[in-house]
Amino acid sequence: MSETLAETHALVPLKEPGLGKTRLGSVLPAAEREQLVVTMLEDVTACLARVAGIRSVSVLTRAAAWVPRGCLHVPDRGGDLNSEIAAAARAFESAGVGAMLVLPADIPFITPEDILTLLGAARDAPVVVAPDWAQSGTNALLLTPPRLMATHFGPGSLAAHEAAARAARVRWQLVSRATLGLDIDEPQQLEMLLERGGPRYGFLARALRQVS
């Protein structure tokens, strides 16, 4: 692995308490939604920590108490997501970071193999993008260096990131993997998470029974 890839730093944005997973409000009370957010965050950051090519893991959030042990806290100043990521990218580059991997906090099935695939793709392309399950959003963005281009997270971000890479005239590569693309946003996905996510997600069973 090259020196640049060995110094990839991961950034995991996380919404503040009460703002995450509001689309699940019809099936999950607020307390269970918060528990879901924290559990998925812990799974994502634990996966990142197991990959030797990831130098550090930072959580971008206003909820400092939710940052898992072993992770760094990047305070969210209250701006929009892309401006907050841009500020983190500036700080990373000032610290000499070679590459930045942005991952959402709600992809609980992510594996170390997923991350290694992203890092491997970065050997050939300074922009690596992974789509979500709907093939419209972005579930991973790896930039070498961190400020290579602006990010465009939000609706239609996959096409926006491709367009940004083309506008910057840099090579980009798409990495599609089922476990990496499966973010949890819709009520119907919770049954699958309960079935496949292991005992840490057992708290979902009672809530789902109450609405069935």
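The values are calculated or read from the model by the stated rules, or taken from the named source; none is laboratory data. Model, not experiment: these values are computed from the prediction. Here the Cβ positions follow ideal geometry from the backbone for every residue, glycine too, while neighbour counts run over all protein chains shown.
Could you list all residues from the stretch 85-107 that are touching a Ser or Thr at 6+ places or on another chain (Cβ under 6 Å), among the aliphatic types (A, V, I, L, M) and more than 22 Å from K15 (Cβ to Cβ)?
The answer is A99, and nothing else.
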Take the conditions polar (S, T, N, Q) and closer than 25 Å to E42 by Cβ and apply them to T151. Does it pass? yes
Restricting attention to the stretch 95-124, which residues are under 24 Å from V67 (Cα atoms) and among the small types (G, A, S)? A95, G96, G98, A99, A105
Expected single match for modelled with pLDDT of 95 or more, surrounded by 15 or more Cβ atoms within 10 Å (Cβ to Cβ) and over 23 Å from R55 (Cβ atoms) among A164, A130, A122 is A164
Please enumerate the residues belonging to the stretch 42-78 that are outside any strand (DSSP E or B), charged (D, E, K, R) and either in contact with a helix residue (DSSP H, G or I) (Cβ under 9 Å, 6 or more places away or on another chain) or surrounded by 20 or more Cβ atoms within 10 Å (Cβ to Cβ) (or both). E42, D43, R50, D76, R77
Just give me the residues in the stretch 79-120 being under 23 Å from H161 (Cα atoms), over 15 Å from the mean Cα position of the chain (by Cα) and part of a loop (DSSP other than H, G, I, E, B), in sequence order. G79, D80, V97, G98
Kindly indicate whether any position in the stretch 90-99 is modelled with pLDDT of 95 or more and within 21 Å of L36 (Cα to Cα). no
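Each row is one residue, and each column tells you yes or no for (1) farther than 30 Å from L28 by Cα; (2) of a type in the set (K, R).
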{"position": "G154", "(1), (2)": "no, no"}
{"position": "A159", "(1), (2)": "yes, no"}
{"position": "R166", "(1), (2)": "yes, yes"}
{"position": "I184", "(1), (2)": "no, no"}
{"position": "M192", "(1), (2)": "no, no"}
Taking P145 as meeting all but one of (1) within 24 Å of A52 (Cβ to Cβ); (2) surrounded by 22 or more Cβ atoms within 10 Å (Cβ to Cβ), write down the number of the exception. (2)
Might you let me know whether the stretch 131-138 holds any residue that is within 24 Å of L41 (Cα to Cα), touching a Phe, Trp or Tyr at 6+ places or on another chain (Cβ under 8 Å) and either in a helix (DSSP H, G or I) or not small (G, A, S) (or both)? yes
Read through the list (1) touching a helix residue (DSSP H, G or I) at 6+ places or on another chain (Cβ under 6 Å); (2) of a type outside the set (A, V, I, L, M); (3) over 27 Å from L194 (Cβ atoms), then give the number of the only condition that P131 fails. (3)
Enumeration of residues in the stretch 44-68 that are within 22 Å of G197 (Cα to Cα), modelled with pLDDT of 95 or more and not β-branched (V, I, T): A46, C47, L48, A49, R50, P68
